[in-house]
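Dropping a structure here in structure tokens format, bear with me for questions.
What follows draws every value from the coordinates through simple rules; no lab data is involved. What you see is a predicted model, and the numbers here were worked out from it, not measured in a lab. Here Cβ is always computed from backbone atoms with ideal geometry, including for glycine, and neighbour counts include all displayed protein chains.
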Amino acid sequence: MAVVLDGTVPAAVIEVERLRKAYGSTVAVDDVSFSVGAGEIFGVLGPNGAGKTTTVECVIGLRASDRGSIRVMGLDPIRDREKLHQLVGVQLQASALPGKLRVGEILDLYRSFYRDAADVGELVGSLGLSDKLGDYYRSLSGGQRQRLSVMLALIGNPRVAVLDEMTTGLDPQARRETWELIEAISDRGVTILLVTHFMEEAERLCDRAALIDHGRIVALDTPAGLIAQARGGKQVTFTPSAPFDDGLLLALPEVRTVAHDGSVVVVTGTGELVNAVILALYDRGVVARDVALDSSTLEEALLTLTERAADQSGVPA
Amino acid sequence: MPPAAFGKIVLNEARLAWRAPRVLFLSLGLPTLLLIVFGELPAFQRHKATLGGLTEFNEYVPILIAMVMVLLGLLSLPSALVSYREQGILRRLSTTPAPPSDVLAAQIVVNLALALVSMAIIVIAGIAAFGETAPKDAGGFVLAIVLSLAAIFSIGLLIAALVRTSGAAQAISTIFFFPLLFFGGLWVPRAQMSAGLRDISGYTPMGAAVQAVQYSIQGTFPPATALLTLAGYTVVLGFLATRYFKWE
């Protein structure tokens, strides 16, 4: 159950409305609105300098916004920061810990801040730092420090976890372990706000994601939805068992375009595209072989969406 | 936040101080070393009329006491706080239930504790090994110590509040260190300064501290000017430090 002050039950755990933050004459975040539901993993994507970190810093109350309203579990991140600190775990980029404290001591210290702390052994085990407990922080590699940061964000058993580039500097194995941990946490109902520029991570973890560029939300959808938006729909490729007339497919309401790439047919459209195409061909005695759906990546989609938004607003991407 | 948390913060700051040999040497080792040196020098044991019948050693004990305060309050404390801020440690803490001010408080506690231990060593060793008198005005002695610590630590806090980088903190602390010690009488004991210079030194934090401590050791309640000077520095600098302290 969400924690609330005024007695109503909000639908969303994080609600950001018309957020604006400027540093002097530079507008870092301009009219950003989104909401994150309970148990959702919500991604914040975008190029460097887009305003992702500033947005997230406002959500956790590290910065005061100039305009707009933010509610986390019904609470104001600045006025109710004490209550929220117990419920929100944060992992920020680029912040160090004292070099001459041991990993175990740091975990023990941070654990003591929270009334309802997590099991340290379990956390440490799942992120592979069990044999590092006695080591000084300054002897840890970049990847190990990063994993410790993620652990510190989760050690208070938070209801909401905010993670900013959490797998930076991790090798593929450690990255995968971190993803598994986040998925496990999410399964337990924790709401997660994830800033990442790493597309594989967004595709794997995020239920929905907002693409931010130049301080504005360019697109907000599931990863598949973002890809579809970029392409203006879905894409199916297949190899037909016999030639057919393109008009057969173009006549279908689901189909937008039909193209040929050697012996492979590329069809774009929306709705139940795969079914419609296969059935239409089958009716004519043509079998669609090696059917593949949506082979493009989130990265390409985001680039397309960003460029498209820039074109529309006349701003260089 | 659970009450035990602040205790843990202090414990970890103590661990960090313990694991920094430089801090330990400066705060405990150096003053004790100087005490032994001054205590063994034959020239320092002669009673001098110019010093009002006291020995050089007698003159230097309060100076060493004040020096401990300066080493911990002016060098160690700001350096730690500034480097924590610089490295983003305070910023990370501000996303947790533990307020960064707890770390500041813990640093003050640890440095105060080190100062008290070091001063106790000086006083006790001075009395036991080198025949220094036990403070005759005990109440005045305690008051002098408390106000001196407050004044000198306030300088350290102001430095920590305003300075951005640990390099600059080192530089500024060093720049203040020598004039402060000079006016406290480290090179020329106050009793041997010209009257004008002695008056000026009485308005500096260390000069006032040394005067107050010395009077109380020799049996007189510390002069009001010294105590008011120390209180004044504490209030003004402390207020400025609180007002201008940057957590990031």
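Starting from 0 in steps of 5 Å, tell me what percent of the Cα-Cα pairs of the range B:71-205 lands in each bin.
2, 9, 15, 17, 19, 15, 10, 7, 4, 2, 1, 0
Can I ask one more? Mind sorting B:85, B:190 by how few other Cβ atoms lie within 10 Å of their own Cβ, fewest first?
Fewest to most other Cβ atoms nearby, the residues stand as B:190, B:85.
Let me know the Rg and Dmax you get for the range B:113-170 when you use only its Cα atoms, in Å.
For the range B:113-170, the Cα-based Rg and Dmax read 15.6, 45 Å.
From the helices alone, meaning DSSP H stretches of at least four residues, give me the mean residue ellipticity at 222 nm for chain A, per-run term -39500 (n - 2.57), in deg cm²/dmol to the nearest 500.
One gets -10000 deg cm²/dmol as the mean residue ellipticity at 222 nm.
Continuing with the same structure: Going Cα to Cα from residue B:48, which aspartates and glutamates come in below 14 Å? Please leave out same-chain ones fewer than 8 positions away.
The reachable aspartates and glutamates, counting only those whose Cα sits under 14 Å from residue B:48, are B:56, B:59.
Enumerate by residue number the trypsin sites (Lys or Arg not before Pro) in the range A:64-95 meeting two conditions: DSSP loop (anything except H, G, I, E, B), and at most 13 other Cβ atoms within 10 Å of the site's Cβ.
On the way: sites: A:67, A:71, A:79, A:81, A:83; in loops: A:79.
Listed in order of number, the matching sites are A:79.
So how long is each side of the protein assembly as shown along the principal axes, counting just the alpha-carbon atoms, biggest first, in Å?
Over the protein assembly as shown, Cα extents along the principal axes are 123, 48, 48 Å.
Within 10 Å of each residue's Cβ, count the other Cβ atoms and sort A:256, B:46 from fewest upward.
B:46, A:256
How long, wide and thick is chain B, going by the Cα atoms along their three principal axes, in whole angstroms, largest first?
62, 35, 32
Next up: So what is the relative contact order for the range B:3-244, in percent, with contacts set as C-alpha pairs under 8 Å and at least six apart?
Relative contact order comes out at 25 percent.
Another question, if that's okay. Fewest to most neighbouring Cβ within 10 Å: what's the order for A:170, B:51?
Working: A:170 21, B:51 16.
Least crowded to most crowded, the residues run B:51, A:170.
I would also like to ask the following. Between residue B:41 and residue B:109, what is the FRET efficiency for a Förster distance of 35 Å, r being their Cβ-Cβ separation, to the nearest 0.05?
So, using R0 = 35 Å, E works out to roughly 0.50.
Distance from the Cα centre of the range B:228-244 to that of the range A:36-84, in angstrom?
Computed from Cα coordinates, the inter-centre distance equals 37 Å.
Which residue fluctuates most in the GNM of chain B (Cα springs below 10 Å): B:232, B:39, B:184?
Comparing B:232, B:39, B:184 in the GNM, the peak value goes to B:232.
Round to the nearest 10 and give me the degree value, 0 to 90, for the angle of helix A:273-283's Cα axis relative to the longest principal axis of chain A.
That helix lies at roughly 20 degrees to the long axis.
Follow-up. Along the Cα→Cβ direction, 7 angstrom out, place labels at residue B:224 and residue B:124. What is the inter-label distance in nm?
3.7 nm
Output the relative contact order of chain A, whole-number percent, from Cα pairs under 8 angstrom with separation of 6+ residues.
18 percent
Still on this structure: Calculated FRET efficiency, residue B:142 and residue A:136, Cβ-Cβ r, R0 41 Å, to nearest 0.05?
The calculated FRET efficiency here is 0.55.
If I fit a long axis through the Cα atoms of helix A:172-187 and take the longest principal axis of the Cα atoms of chain A, what angle between them do I get, 0 to 90°, rounded to 10?
80 degrees
Indicate, rounded to the nearest 5 percent, the antiparallel portion of the DSSP beta bridges found entirely in the protein assembly as shown.
For the protein assembly as shown, the DSSP antiparallel bridge percentage is about 70.
Sticking with this one: What ranking do B:26-34, B:107-115, B:61-69, A:246-254 get when scored by the average of other Cβ atoms within 10 Å per residue, highest first?
Per-residue Cβ counts within 10 Å, averaged per peptide and sorted highest first, yield B:61-69, B:107-115, B:26-34, A:246-254.
Next up: What do you get when you divide the Cα radius of gyration of the range A:114-209 by 2.2 N^0.38 Å, with N the number of residues?
Ratio of Rg to 2.2 N^0.38 Å for the range A:114-209: 1.04.
Under a 10 Å cutoff between Cα atoms, tell me which one of A:285, A:99, A:225 has the largest fluctuation in the Gaussian network model of chain A.
The residue that fluctuates most here is A:285.
If I model a spin label as a point 7 Å beyond the Cα along the Cα-Cβ vector, how far apart are those points for residue B:165 and residue A:266 in nm?
Placing both labels 7 Å along Cα→Cβ, they lie 5.2 nm apart.
Kindly provide the helix-only [θ] at 222 nm of chain B, computed as the sum of -39,500 (n - 2.57) over DSSP H runs of four or more divided by all residues, to the nearest 500 deg cm²/dmol?
-23500 deg cm²/dmol, from helical runs alone.
At 0.36 nm per residue, and after removing the present C-alpha to C-alpha distance, how many nm does the segment from residue A:245 to residue A:176 gain when stretched out fully?
Gain in length upon complete extension: 20.3 nm.
For the cross-link pairs A:52/B:8; A:83/B:246; A:52/B:246; A:52/A:100; A:83/A:132; A:132/B:246, which exceed 26 Å when the distance is taken from alpha carbon to alpha carbon?
On the way: A:52/B:8 34 Å; A:83/B:246 23 Å; A:52/B:246 24 Å; A:52/A:100 32 Å; A:83/A:132 32 Å; A:132/B:246 33 Å.
From the list (A:52/B:8; A:83/B:246; A:52/B:246; A:52/A:100; A:83/A:132; A:132/B:246), the Cα-Cα distance tops 26 Å for A:52/B:8; A:52/A:100; A:83/A:132; A:132/B:246.
If each Cα of the range A:160-317 is one equal point scatterer, what is log10 of I(q)/I(0) from the Debye formula at q = 0.12, 0.16 Å⁻¹?
The Cα Debye sum returns log10 ratios of -0.68, -0.95.
Based on the inverse mean of 1/r over its pairs of different Cα atoms, what is the Kirkwood hydrodynamic radius of chain A, in Å?
21.8 Å
Other chains' Cβ within 10 Å of A:95-104 residues: what's the mean?
That works out to 5 on average.
Can you give me the pair-distance distribution of the range B:1-44, C-alpha pairs, 5 Å bins, whole percents?
Pairs per bin, as whole percents: 5, 20, 14, 13, 12, 11, 9, 6, 4, 3, 1, 0.
If you don't mind, there's one more thing I want to ask. Build a GNM of chain A with springs between Cα atoms under 10 Å: which of A:276, A:230, A:28 gets the top mean-square fluctuation?
Among A:276, A:230, A:28, the largest mean-square fluctuation in the Gaussian network model of chain A belongs to A:276.
A follow-up question, please. Evaluate E = 1/(1 + (r/R0)^6) for residue A:275 and residue A:94, where r is the Cβ-Cβ distance and R0 equals 56 Å; express this FRET efficiency to the nearest 0.05.
Result of the calculation: an efficiency of 0.70.
Report the extension gain between residue B:174 and residue B:22 in nm, rounded to one decimal, defined as 0.36 nm multiplied by the number of residues separating them, less their alpha carbon distance.
Between residue B:174 and residue B:22, full extension yields an extra 53.2 nm.
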